[in-house]
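Undergrad: Just dropping this structure here.
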Amino acid sequence: MKYKYIGQNIPRPDAVDKVLGAATYIDDLYLPGMLYAAILRPEYAHAKILSLETAAAEAMPGVVKVVTGAGCTIRYGDNIKDLTPMAVDRVRHIGEPLAAVIADTPWHARAALAKIRVTYEPLPVYVDAREAMREDAVLIHEDNGEIWHLPTLSPIPGTNIADYYHLVKGRGEAGFEEAEVIVEGEFLYPFGSAAAIEPHGAIVWFKPDRTIEVWSSSICPFIIREDLAHAYGRPLSDVRVHIPELGGCFGYKSDITVEQTVAYIASFVPGHPLKWVASRQEDFSSTLIAHGIRTRMKIGAKKDGTLVALKTTVLHSTGAYADTGVNITIGATHNSTGPYEFPHCDLEGYCVYTNTPPVGAYRGYGHQEAQLATERMMDLLARKLHMSPLELRRKNYLREGSVTALGEHLWQSNGDVAACADLVEQAIFTADKPAEDEQYYYGRGFAALMKSPKGAPFSTKGCYMKMNIDGSVSVNMAGAEVGQGLRTVVRQVTAEALKIPPEKVRVYTEIDTQFSPYEWQTIGSMFTTQGGRAVVRTAERLILKLKQTAAQVLRCDLDLLDYDGEYVYLRSDPSVRVAVTSIARGYIHSDGITVGEVAQAVSDARLPRYSNPDENGQGTMGVTYTFGAQGCQIRIEKKSGKIYVDHFASAFDVGQVINPRQIRGQVLGGVLMALGATLSEELRFDEQGRLLNPHFYEYHLPTYKERPPRQTVEFVETPSKIGPFGARGLGEHPVIGVAPAILNAIYDAIGVDFYEIPITPEKIKQALAKKEEA
């Protein structure tokens with residue numbers, strides 16, 4: 001179907017302010033009477049707090065108050081209430097808030113921190129799930145299992161296992177009896193950081209009228225509102241949360257992160273707004289980190305390559321608090337099939353407490369971690385079967401008629417991974433691979449992928465739409481713009497649905513829970529699908545209101561009327577019409593009598609039939625999938641071991657491209673981000689739980705100069721039955737296949753298998769030396 005505005009390159013509505021530096025972020029805000037907080041972090045990653053002396057700090061210049069967790073009874077968390085806003089009697093990771101200084105300036109607050117004296121009793125430290133799962137391991141949370149948690153979760157009391165998730169499809173592990181060939185492997189996707197250019201920050205104000213007002217660099221204002229209302233015994237309507245412009249997210253600004261801590265500190269100085277913004281070191285160590293997933297995988301197949309059974313064990317080092325990590329464990333586990341059909345599955349996920357900062361959402365949400373294993377294993381299996389890796393995959397792709405591990409039946413409208421794979425194969429594998437020369441080894445690698453949303457059954461996205469008397473339209477939603485181009489999508493979908501030029505659509509720039517329609521949070525690459533559908537549904541209601549008014553004006557039945565963006569007219573005689581501008585606020589007759597309603601509407605959209613897992617770990621927990629494929633051509637410098645990605649190709653079935661330029665930018669950015677994870681990025685903790693590289697000069701993010709010099713980006717458009725005009729989500733998907741594609745290419749180049757990332761030049765040189773010795 002040909003659309004007028006969908007599929008066109010229109011400018012981002014927020015581009016001008018951002019380019020000019022006029023956009024307002026959390027650290028730009030100042031409120032009268034503002035105070036500032038600095039937060040003390042512990043010397044140990046796991047220890048009892050024996051004493052905490054604050055008198056010297058309280059005597060420092062500019063200090064208003066020093067706050068500790070003594071006596072704090074607040075417990076919070078949406079999945080597991082294992083969090084406290086400040087350490088009470090024990091610290092569990094190196095970035096935990098231990099005490100805070102409130103002062104008249106940030107400098108005075110930070111200077112006073114050094115005067116606080118703490119005495120500790122160190123406890124054993126576990127930075128890896130395998131250590132924390134030992135029978136003799138000290139419990140990080142002694143009340144594990146007794147802590148409030150969702151009834152769908154299964155913590156194991158007396159252990160550090162915060163949740164055990166188990167999915168069985170078909171005969172489960174017994175299905176390996178049907179296999180003729182078996183391969184096994186263990187893979188690690190280590191800790192990392194989303195490291196957005198803007199760190200976390202918040203302002204909280206306990207006002208004299210007992211209301212609470214919050215500004216935060218977050219993507220979940222309504223969760224913040226609910227959590228703070230519950231913690232401080234206020235009605236939800238008395239808590240107001242603002243979200244200014246956000247300088248990036250990539251996941252770790254979802255869920256409630258720093259807001260409860262800042263609110264707890266602010267509660268000691270009622271009447272004053274209190275501000276805290278993370279330093280870069282704090283952003284690395286004291287908010288949410290990423291990954292930490294070890295995947296053990298076993299695949300069984302027939303000799304002809306038909307996949308038979310899959311056994312996956314996910315060991316997730318989820319950090320000191322599991323509330324934000326537990327669903328990543330579950331998502332990694334049930335999506336470990338990748339884009340393949342396995343008749344028999346036995347998939348286990350262990351969400352394990354460790355003495356590291358809590359793991360939270362990161363672009364990909366468990367998919368890239370588990371599918372690193374899946375896609376490496378497919379190459380290992382192909383090698384054992386003496387088959388082409390591409391042919392092995394093609395034989396087993398999910399397609400119409402397939403049943404996923406979750407038990408969901410797929411249809412043509414779910415997408416076409418094979419078509420994506422064909423595009424990548426044409427881009428990377430049709431020409432001959434360059435031959436090894438004096439300077440370089442050359443290799444090519446491939447990975448297919450799929451991503452499900454991993455949301456919540458009640459998750460919805462609301463939309464309010466108002467038509468003005470000049471025919472322009474104002475749209476208000478609560479989806480957070482974090483650089484993904486969400487506002488552009490809203491503008492184009494609104495324009496298409498209302499049949500008006502995009503220039504006549506004005507999209508919201510700030511989120512405010514007082515005025516914005518409800519949205520759970522902006523996660524899971526679901527705004528285009530859910531938010532876009534909410535826009536379409538709201539537009540349909542607005543058009544209905546216009547028709548209802550027009551029916552009174554034109555004195556005919558409503559079902560005889562059509563709408564074209566400018567007029568509502570009689571279908572049988574289009575000359576009988578009324579201009580939209582004449583009925584936007586109702587129709588005013590010549591005598592002043594006005595009929596009809598104001599043309600404004602509200603609606604929302606959920607994923608259809610999205611469910612919790614059943615007793616087998618299955619359920620409609622995917623609903624809408626985006627499939628894709630990625631491949632690369634690399635060269636490895638013999639002298640240095642450095643890997644150069646010369647050509648990277650990506651293809652995704654997105655259902656319908658909304659904005660070609662913007663979606664291409666999403667893919668290019670995602671690929672570069674995942675190149676960083678594959679080749680350089682890792683948060684390193686020593687055995688005492690201390691973070692060794694909480695700075696950009698030791699945590700290397702790839703720059704624009706390190707992008708592949710050639711990138712192929714292609715899209716397949718198999719329309720979805722759910723998203724607006726057939727569109728699917730794509731925000732996270734470009735990161736999923738990058739690491740396995742590069743690792744498969746490394747084997748193709750030098751014949752060495754790697755099972756964990758990042759692959760640094762030093763690791764390549766060590767592997768080559770070991771191979772030469774062998």
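The values are calculated or read from the model by the stated rules, or taken from the named source; none is laboratory data. Since we're looking at a predicted model, the values are computed, not measured. Note that each Cβ is placed from the backbone with ideal geometry, even for glycine, and that neighbours are counted across all protein chains shown. For accessibility, only protein heavy atoms count, side chains too; no ligands or nucleic acids. Shrake-Rupley method; radii C 1.70, N 1.55, O 1.52, S 1.80 Å.
Undergrad: Counting just the residues of the range 509-551 that are of a type in the set (Ser, Thr, Tyr) and within 14 Å of residue 466 (Cα to Cα), which one comes out surrounded by the fewest Cβ atoms within 10 Å (Cβ to Cβ)?
TA: Residue satisfying both the conditions and the ranking: 516.
Undergrad: Need the failing condition index for residue 110 against (1) of a type in the set (D, E, K, R); (2) farther than 21 Å from residue 37 by Cβ; (3) in contact (Cβ under 8 Å) with a residue 40 or more places away in the chain, just the number.
TA: (2)
Undergrad: Based on this model, can you work out whether residue 617 counts as farther than 19 Å from residue 367 by Cβ, over 20 Å from the mean Cα position of the chain (by Cα) and surrounded by 18 or more Cβ atoms within 10 Å (Cβ to Cβ)? Working first, answer last.
TA: Values: farther than 19 Å from residue 367 by Cβ: no; over 20 Å from the mean Cα position of the chain (by Cα): yes; surrounded by 18 or more Cβ atoms within 10 Å (Cβ to Cβ): yes.
No, not satisfied.
Undergrad: Return yes when residue 350 is farther than 19 Å from residue 170 by Cα, assigned to a loop (DSSP other than H, G, I, E, B) and open to solvent by 10 Å² or more (accessible area, probe 1.4 Å) and no when it is not.
TA: Numbers: farther than 19 Å from residue 170 by Cα: yes; assigned to a loop (DSSP other than H, G, I, E, B): no; open to solvent by 10 Å² or more (accessible area, probe 1.4 Å): yes.
Answer is no for this residue.
Undergrad: Filter the range 718-754 down to the residues that are of a type in the set (D, E, K, R) and more than 17 Å from residue 390 (Cα to Cα), then identify the one that is most open to solvent (accessible area, probe 1.4 Å).
TA: Taking the range 718-754 first, the residues of a type in the set (D, E, K, R) are 721, 728, 732, 748, 753.
Then drop every residue that is not more than 17 Å from residue 390 (Cα to Cα), which leaves 721, 728, 732, 753.
Values: 721: 170, 728: 11, 732: 21, 753: 41 Å².
It comes out as 721.
Undergrad: Could you count how many residues in the range 295-320 are in contact with a Lys or Arg (Cβ under 9 Å, 6 or more places away or on another chain), of a type outside the set (A, V, I, L, M, F, W, C), at negative phi and outside any strand (DSSP E or B)?
TA: Number satisfying all stated conditions: 2.
Undergrad: Name every residue in the range 61-100 that is under 14 Å from residue 44 (Cβ atoms) and either of a type in the set (Val, Ile, Thr) or free of Cβ contacts under 8 Å to residues at least 24 places away in the same chain (or both), in order of residue number.
TA: 91, 94, listed by residue number.
Undergrad: Can you name every residue in the range 129-139 that is surrounded by fewer than 18 Cβ atoms within 10 Å (Cβ to Cβ) and assigned to a loop (DSSP other than H, G, I, E, B)? Reasoning before the result, please.
TA: In the first step, residues of the range 129-139 are kept if they are surrounded by fewer than 18 Cβ atoms within 10 Å (Cβ to Cβ); the result is 130-131, 134-139.
Residues satisfying the conditions are 134, 135, 136, 137, 138, 139.
Undergrad: In the range 677-729, what residues are assigned to a loop (DSSP other than H, G, I, E, B), hydroxyl-bearing (Ser, Thr, Tyr) and closer than 29 Å to residue 490 by Cβ? Working first, answer last.
TA: Filtering the range 677-729 down to residues assigned to a loop (DSSP other than H, G, I, E, B) leaves 680-684, 686-690, 692-703, 707-709, 717-723, 727-729.
Retained after the next criterion (residues that are hydroxyl-bearing (Ser, Thr, Tyr)): 680, 697, 699, 703, 718, 720.
Of everything in the range 677-729, those that are assigned to a loop (DSSP other than H, G, I, E, B), hydroxyl-bearing (Ser, Thr, Tyr) and closer than 29 Å to residue 490 by Cβ turn out to be 718, 720.
Undergrad: Going through 287, 333 one at a time, which residue ends up being at pLDDT 95 or above, under 22 Å from the mean Cα position of the chain (by Cα), among the polar types (S, T, N, Q) and not in a helix (DSSP H, G or I)?
TA: Answer to the selection: 287.
Undergrad: In the range 392-421, which residues are under 15 Å from residue 718 (Cβ atoms), in contact (Cβ under 8 Å) with a residue 40 or more places away in the chain and open to solvent by less than 60 Å² (accessible area, probe 1.4 Å)?
TA: Answer for the range 392-421, where residues must be under 15 Å from residue 718 (Cβ atoms), in contact (Cβ under 8 Å) with a residue 40 or more places away in the chain and open to solvent by less than 60 Å² (accessible area, probe 1.4 Å): 397, 398, 402, 410, 413, 414, 415, 417, 419, 420, 421.
Undergrad: Now, a different point. If you check residue 645 against the conditions, is it in contact with a helix residue (DSSP H, G or I) (Cβ under 6 Å, 6 or more places away or on another chain), modelled with pLDDT of 95 or more and either in a helix (DSSP H, G or I) or open to solvent by 10 Å² or more (accessible area, probe 1.4 Å) (or both)? Break it down stepwise before answering.
TA: Working: in contact with a helix residue (DSSP H, G or I) (Cβ under 6 Å, 6 or more places away or on another chain): no; modelled with pLDDT of 95 or more: yes; either in a helix (DSSP H, G or I) or open to solvent by 10 Å² or more (accessible area, probe 1.4 Å) (or both): yes.
Judged against the criteria, residue 645 is not a match.
Undergrad: From the list 456, 435, 448, 480, exactly one residue is in contact with a Phe, Trp or Tyr (Cβ under 9 Å, 6 or more places away or on another chain), in a loop (DSSP other than H, G, I, E, B) and open to solvent by less than 10 Å² (accessible area, probe 1.4 Å). Which is it?
TA: On the way: 456 fails: open to solvent by less than 10 Å² (accessible area, probe 1.4 Å); 435 fails: open to solvent by less than 10 Å² (accessible area, probe 1.4 Å); 448 fails: in a loop (DSSP other than H, G, I, E, B).
Of 456, 435, 448, 480, the one residue that is in contact with a Phe, Trp or Tyr (Cβ under 9 Å, 6 or more places away or on another chain), in a loop (DSSP other than H, G, I, E, B) and open to solvent by less than 10 Å² (accessible area, probe 1.4 Å) is 480.
Undergrad: State which residue is surrounded by the most Cβ atoms within 10 Å (Cβ to Cβ) when the search covers only the range 189-208 and only residues that are of a type in the set (Gly, Ala, Ser) and within 30 Å of residue 377 (Cβ to Cβ).
TA: The initial filter retains those residues of the range 189-208 that are of a type in the set (Gly, Ala, Ser), namely 192-196, 201-202.
Narrowing the set further to residues that are within 30 Å of residue 377 (Cβ to Cβ) leaves 192-195.
Working: 192: 21, 193: 26, 194: 22, 195: 22.
Step by step, filter the range 189-208, then rank; the result is 193.
Undergrad: Give me the strands (runs of 3 or more DSSP E) completely within the range 28-110, filtered to those with at least 2 residues that are farther than 22 Å from residue 285 by Cα, ordered by residue number.
TA: Values: elements: 35-40, 47-53, 63-68, 99-103.
Result: 47-53, 63-68.
Matching residues to (1) open to solvent by 30 Å² or more (accessible area, probe 1.4 Å); (2) touching a Cys at 6+ places or on another chain (Cβ under 6 Å); (3) over 30 Å from residue 303 (Cβ atoms):
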{"site": "119", "(1), (2), (3)": "yes, no, yes"}
{"site": "122", "(1), (2), (3)": "yes, no, yes"}
{"site": "141", "(1), (2), (3)": "no, no, yes"}
{"site": "160", "(1), (2), (3)": "no, no, yes"}
{"site": "178", "(1), (2), (3)": "yes, no, no"}
{"site": "187", "(1), (2), (3)": "no, no, no"}
{"site": "210", "(1), (2), (3)": "yes, no, yes"}
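Undergrad: Tell me which residues, restricted to the range 224-238, are hydrophobic (A, V, I, L, M, F, W, C) and open to solvent by 10 Å² or more (accessible area, probe 1.4 Å). Show your work before the answer.
TA: Start the filter on the range 224-238 by keeping residues that are hydrophobic (A, V, I, L, M, F, W, C), which leaves 224, 228-229, 231, 236.
Matches in the range 224-238: 231, 236.
Undergrad: Let me ask something additional. Under the condition of being within 22 Å of the chain's Cα centre (by Cα) and buried (at least 19 other Cβ atoms within 10 Å of the Cβ), which residue from the range 683-701 is farthest from residue 126 (Cα to Cα)?
TA: Only one residue tops the list, namely 699.
Undergrad: Name the residue, out of 38, 47, that is touching a Pro at 6+ places or on another chain (Cβ under 6 Å) and modelled with pLDDT of 95 or more. Show your work before the answer.
TA: Numbers: 38 fails: touching a Pro at 6+ places or on another chain (Cβ under 6 Å).
Residue meeting the stated conditions: 47.
Undergrad: Let me confirm something: among 500, 469, which residue is assigned to a loop (DSSP other than H, G, I, E, B), of a type outside the set (D, E, K, R) and open to solvent by 10 Å² or more (accessible area, probe 1.4 Å)? Walk me through how you get there before you give the answer.
TA: Numbers: 500 fails: open to solvent by 10 Å² or more (accessible area, probe 1.4 Å).
Matching residue, one of 500, 469: 469.
Undergrad: Just one of (1) open to solvent by less than 30 Å² (accessible area, probe 1.4 Å); (2) part of a helix (DSSP H, G or I); (3) among the hydrophobic types (A, V, I, L, M, F, W, C) trips up residue 769, so point out which.
TA: For residue 769, the failing item is (1).
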